[in-house]
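Data block below; observations after.
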Amino acid sequence: MSYTEDRSVWFAGQGLWSHVPEADWQDWTWQLKNRLTSIEHLERYMTLTPEERAGCLFAKDKLALAITPYFFNLIDRTDPHCPIRKQVIPRSDESVISSGEMLDSLGEDEHSPVPGLVHRYPDRVLFLVTDRCAAYCRYCTRSRLVSNAQDYNFHPEYEQALRYIEAHPEIRDVLLSGGDPLLLSDKKLEHLLGRLRAIKHVEFIRIGSRIPVFLPQRITPELAEIFKKHGPIWMSIHVNHPKEATQELKDACERLAFAGVPLGNQSVLLKGVNDDAEVMKALVHRLLRMRVRPYYIYQMDLITGGAHFKADVRKGIEIIRALRGHTTGYAVPQYVIDAPGGGGKVPVNPDYVEQITDDEVVFRNFEGKQFRYPLKAEPVTEKSAGVVMPAEIHL
Ligand SMILES: *Cc1c(COP(=O)(O)O)cnc(C)c1O
Ligand code: SF4
């Protein structure tokens, strides 16, 4: 597989919805109302494979089907292997449960002191504020609760969660996630951010959202203004493939960046979507051009029915090796496995160090050349008869 693209082009326009007034297209509530949520909607525009048809029927019991018109335009409707298509159109593989898979593979429910709050790490909490998203990713880590297709009946308790954070001075970092926090109304978001900002020990507030990717229209100037007012608010967006890096996404990132929101990106390594060094390199280069710093690449979590997305960890390591040294340091994310059962994120790196002894470190650079860095410092000048300085130090 080799991936090539025209780096000077950013996908733009209304595509299949060219007949819709631009004011509607740019209205995020129009995008939500006109989401494709059924086989009938999809078949109006494309021919589904038998696997996809079966997947769509199964989706209502696993994770709802929903795709915004904006994101649907990015699908290659003639190619069943299209990397965008695989992310949002269900396939029958989702009904196959494999060994090691779990509904709650990260043990989030066990680490939840209050409904919607996950306190795994000493100084920070994950605050799940909704179970809804603009569109649904077929590999979603939280598919047990997201979209409520599995009748989880997730009900975040904002007041309880805020009280827990207030009562725990060790919490200096709050990460809003879900579901997608940016589906909340401006009013609700502003209220939440204001409440969090008022807690003295909360130093760092960030939002994890795929809305800029699924629904860039939601990043309105008014929303950006809220982030500016309650800033600094950091944001992690979620882009998996360079085809998702459109003009609209770029513009949305710009609105956020100009409101003082530092942007990072999290990708999930997905088999047949982005488990390829050329694809990832194209992605990280586009991210930097959109003012987004690649943050994490996640190994796929062990969610039920997710095996068809599971990439080889060696492939992930090879991708990092293909980036480090070969391109801008800012473009290289950290590859992590979120430890099954709730051990947290653990970095998985290529090995550059071959040996460390008391005397030296032996390591290889990005080209595979071997280098040695001495750890023992032996004096090479005589100390005895007064101090003998090397000639060039005499001033
Ligand atoms: C990922 C995650 C965080 C944030 O981790 P960082 O490495 O700081 O980005 C916090 N809490 C939970 C439960 C998480 O899964
Ligand atoms: S946007 Fe995030 S929470 Fe929502 S379906 Fe995708 S991965 Fe899951």
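Since every read-out is calculated from the coordinates, none of them should be taken as a lab result. Quantities reported herein were computed from a predicted structural model and do not represent experimental measurements.
Descriptive notes on the structure:
- Amide H within-cut-off set for R293, under 5 Å, with H built and near neighbours excluded: L263, G264, N265
- The stretch 1-51: mean projected area of Cα convex hull, nm²: 6.1
- Legend: Rg and Dmax of the chain, from Cα coordinates, 24.1, 93 Å.
- At 1.002 mPa s and 20 °C, Stokes diffusion of the stretch 1-107 via Kirkwood alpha-carbon radius, µm² per second: 135
- Filter on K250/K310; K250/K345; K86/K271 - keep pairs with C-alpha separation over 20 Å: K250/K310; K250/K345
- Within the same chain, lysines fewer than 8 places from K188 are excluded, and of the rest, those with a Cα less than 23 Å from its Cα are K33, K200, K228, K229.
- Here is the size of the stretch 158-203 from its Cα atoms: Rg then Dmax, 10.7, 29 Å.
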